[in-house]
Every structure is written in structure tokens, then in C-alpha cells.
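Remarks on the structure that follows.
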Amino acid sequence: MKNTYIIIRNLHFEDWKTVYNYMNDFTNIRNKYTLDEILLVEHYPIYTTGHVLNDDKKIKYIHNIPITSSNRGGKITYHGPGQQIVYLLLNLKQNKINIRQLLFYIEQIVLNTLYTFSIIGNNNKLYPGIYVDSKKICSIGLRIQKGCSLHGFALNVNMDLKPFFYIHPCGIQDMIMTQISDIKPEISLYYVKKILIENISTFFKILCIKNYF
């Protein structure tokens, strides 16, 4: 990937639908002069799926948590406070990277971040994501449209994992989820975000970051 300029937006807490609409609108209207963006956000509790639900116009719930469709790849997952989500709105064609390279970058960004905290993670050739001792700590879901990426990855930092018990995360039966705070309880989400940005800047060769913090 060539050296590039990029905008990193720290959205703090934001409704999932608001960010979902922003991503899609941004991608639909962007052109070759549009700067890439990376969004860092925490969502209020919600389940999302990578396929259209039957009768999707009706609001559905699992244990009082809303569930909605998404145009990303993958199956059902949960988002909630204490989970650091990173959305990658990148022009892959202009940056001369393909989907496999993008997945590799994401995996290395997360693995390097975990390693900073002395946590050894690994990927899984059968199931996308990052795992620690066979437990999933990071989910990955992407969409490529007009040669550009949408969506990204969700790293569990310090959240309530109970909502994962009500589903098969990413469609995998008996999948156990974990998080950084279960392994290193002293690590804050703010610090995780800081290290993530450093690794993102390295792997995507960012020359200039416009931080909206």
C-alpha cells in the first residue's frame, strides 16, 4: 500500500444505524479525490447479521436487544459498550491492495495490538477473526463496493459478554468469546485505542492523520 493521507474519526458512542448509514452514503458518493476514513466507535447494544432478515421492516429483539440486517459479510454478532469497533472506509483500488491483503493487515493490526499487552493471539483458516486460547476476541466483517471497503473489525476489550451466549457468534456453534479485560484487567479501552491507531498507521502507511477526538 502506498503512503497515504487519511482521516481518523473517533466517534466515541454512536448508534449503529447512524454509522451504518454514514458508511454507505460515504461510499456511494465518494470519488477518486475522496480521502479514506477510519472510524473508531463503540455502539449501544445491538445484534447485526450479514444477511437480510425475514420481514426486516419489523424490529426484532433477542433478550430485549434489537437485531438488524447489515450488508457486510458474515453472520450474526453482537456489539455493545466496551467493544472497540474499527470501520475501514478505504479505496482498495487506488491503494493497490486486494481483499486478502486487507484481511492480512487487519489480522496483523489486532495481533500486534494484543502482543503489546503480552497477549498471544492467532487467526483461524476456517473462521475469520482473532482468537486467544481458542476463544474469539475479535470479529471481522467486510464489504467491498466500487473497489472500496466498508465495515471492519470489532475487538472485545471490557464489555458484558453475556449477550453472546444467546447466539452462535458468527454462526459458529459452541463458540466462546473472550476479551482483553479477562486476561489483562488493568488495560483500559483508551489505551487499546491508542495502540490500535499506532498499528493502523504503520500497516496502512499513513503520512498524515487528521484526528477528530
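The values are calculated or read from the model by the stated rules, or taken from the named source; none is laboratory data. Here the structure is a predicted model, which is why all the values come from computation and not from measurement. Note that we place each Cβ from the backbone using ideal geometry, even for glycine, and neighbour counts take in every protein chain shown.
Listing for the model above:
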item	result
Pick from segment 84-97, criterion part of a strand (DSSP E or B) and in contact with a helix residue (DSSP H, G or I) (Cβ under 9 Å, 6 or more places away or on another chain), ranking: surrounded by the fewest Cβ atoms within 10 Å (Cβ to Cβ)	Ile85
Criterion: more than 24 Å from Ile46 (Cα to Cα) and either out of contact with any Pro (no Cβ under 8 Å at 6 or more places or on another chain) or surrounded by 14 or more Cβ atoms within 10 Å (Cβ to Cβ) (or both) - qualifying residue of Gln179, Gln101, Gln173	Gln101
Checking Met159 against (1) farther than 24 Å from Arg72 by Cβ; (2) part of a loop (DSSP other than H, G, I, E, B), the condition it does not meet	(1)
Residues that are outside any helix (DSSP H, G or I), among the hydrophobic types (A, V, I, L, M, F, W, C) and either at pLDDT below 90 or in contact with a helix residue (DSSP H, G or I) (Cβ under 7 Å, 6 or more places away or on another chain) (or both), drawn from segment 165-202	Ile172, Met175, Met177, Ile187
Qualifying positions in segment 74-119 - out of contact with any Lys or Arg (no Cβ under 8 Å at 6 or more places or on another chain) and aromatic (Phe, Trp, Tyr)	Tyr78, Tyr87, Phe104, Tyr105, Tyr115
Residue match in segment 141-156 (condition: within 30 Å of Glu186 (Cα to Cα), out of contact with any Phe, Trp or Tyr (no Cβ under 9 Å at 6 or more places or on another chain) and surrounded by fewer than 20 Cβ atoms within 10 Å (Cβ to Cβ))	no
Search result, residues across segment 1-53 that are among the aliphatic types (A, V, I, L, M) and not in a strand (DSSP E or B)	Met1, Val19, Met23, Ile29, Leu35, Val52, Leu53
Candidate set: segment 144-197, residues that are at positive phi and free of Cβ contacts under 8 Å to residues at least 60 places away in the same chain; chosen: the one farthest from the chain's Cα centre (by Cα)	Asp174
Condition met for Leu53 (in contact with a Lys or Arg (Cβ under 7 Å, 6 or more places away or on another chain) and at pLDDT below 95)	yes
